1. Starting from the stretch 28-43, keep only residues that are at positive phi, then list their pairs with residues that are buried (at least 19 other Cβ atoms within 10 Å of the Cβ) whose Cβ atoms are within a distance under 9 Å, requiring at least 6 positions of separation or different chains.
2. Tally up the residues in the stretch 23-34 that are within 16 Å of the ligand (Cβ to nearest atom) and surrounded by 15 or more Cβ atoms within 10 Å (Cβ to Cβ), please.
3. Inspect the stretch 58-71 for any residue being more than 14 Å from the ligand (Cβ to nearest atom), loosely packed, with under 15 Cβ neighbours inside 10 Å and part of a loop (DSSP other than H, G, I, E, B) and give the result as yes or no.
4. Out of the residues in the stretch 35-57 meeting the condition of being surrounded by 15 or more Cβ atoms within 10 Å (Cβ to Cβ) and assigned to a helix (DSSP H, G or I), tell me which one is modelled with the highest pLDDT.
Ligand SMILES: [Zn+2]
């Protein structure tokens, strides 16, 4: 069977695809549940308020547990 689309069946998962993100989307760490809010930014990581998740520097990771960006989940409003 050609069921390649089922490989990517993580509902709401960011998965490293920035095109799925809106500028005001909040994302939650899949490991420790820390939430990135673009309106707040990340003081620990030196991210100023108003920075969309998709604009975070490549090396940015969860300030709580150090998990990488693609493990974050989009929080549905
Ligand atoms: Zn975390």
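1. 41/47; 41/51
2. Taking the stretch 23-34 first, the residues within 16 Å of the ligand (Cβ to nearest atom) are 26-34.
Now narrow it down to the ones that are surrounded by 15 or more Cβ atoms within 10 Å (Cβ to Cβ): 26-30, 34.
Residues in the stretch 23-34 being within 16 Å of the ligand (Cβ to nearest atom) and surrounded by 15 or more Cβ atoms within 10 Å (Cβ to Cβ): 6 in total.
3. Checked the stretch 58-71: at least one residue is more than 14 Å from the ligand (Cβ to nearest atom), loosely packed, with under 15 Cβ neighbours inside 10 Å and part of a loop (DSSP other than H, G, I, E, B).
4. 53
The values are calculated or read from the model by the stated rules, or taken from the named source; none is laboratory data. Given the structure is predicted, the values throughout are model-derived calculations rather than measurements. No Cβ is skipped: glycine too gets one built from the backbone with ideal geometry, and neighbour counts run over all protein chains shown.
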